[in-house]
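K.L.:
Before anything else, here's the structure in question.
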Amino acid sequence: MSSYALYYYDQCPFCQMVLREMHNLPLKVELKNTLKDPQNRQDLIQGGGRSTVPCLRITDESNQVQWMYESRDIVQYLKQQAK
């Protein structure tokens, strides 16, 4: 089963859109605030290549990692996974 982590910060309106949608989905998504924890920001830059939020880190069953940056893409992806 895949695991998910959302890199975000509270003042970002695109992050808030994703967070609102996530509350309606039966998925477990780890939250990683990039402003409150500098290590989260560093992990995002190292893994995804940039500090843009929101970003969803998707880790599949074979530990392959994918980084998804666009808020609408993230919401659409999570809705598909929840089906």
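K.L.:
Grab the Cα-Cα distance for Q80 and E21, subtract it from 0.36 nm times how many residues apart they are, and report the gain in nm with one decimal.
P.N.:
The span from Q80 to E21 would gain 20.0 nm if fully extended.
K.L.:
Give the relative contact order (percent, whole number) for the chain; include only Cα pairs under 8 Å separated by 6+ residues.
P.N.:
The value is 38 percent.
K.L.:
Ok, one more. How many nm separate the modelled label positions at T52 and M1, each set 7 Å beyond the Cα in the direction of the Cβ?
P.N.:
3.1 nm
K.L.:
Now for a separate question. What accessible area per residue comes out for the chain, rounded to a whole number of Å², with a 1.4 Å probe? Please report the intermediate quantities before stating the final value.
P.N.:
On the way: 5370 Å² over 83 residues.
Heavy-atom accessible area per residue stands at 65 Å².
K.L.:
Divide by every residue of the chain the summed helix terms, -39500 (n - 2.57) for each DSSP H run of at least 4, and state the resulting mean residue ellipticity at 222 nm, rounded to the nearest 500 deg cm²/dmol.
P.N.:
The per-residue figure over the chain is -12000 deg cm²/dmol.
K.L.:
For the chain, restrict the atom set to alpha-carbon positions and state the Rg and Dmax in Å.
P.N.:
Reported Rg and Dmax, both Å: 11.8, 34.
K.L.:
Along Cα→Cβ, 7 Å out, is where each label goes; now give me the distance between the ones at D43 and L31 in nm to one decimal.
P.N.:
Those two pseudo-labels are separated by 1.5 nm.
K.L.:
Also: Which residue, S62, S71, S51, has the most motion in a Gaussian network model of the chain that connects Cα atoms within less than 10 Å?
P.N.:
Largest GNM mean-square fluctuation: S62.
The values are calculated or read from the model by the stated rules, or taken from the named source; none is laboratory data. Given the structure is predicted, the values throughout are model-derived calculations rather than measurements. Quick reminder, even Gly has a Cβ in these numbers, built from the backbone with ideal geometry, and neighbours come from all protein chains shown. For the accessible areas, the whole protein counts, side chains as well, though only heavy atoms, and no ligand, DNA or RNA atoms are used. Shrake-Rupley method; radii C 1.70, N 1.55, O 1.52, S 1.80 Å.
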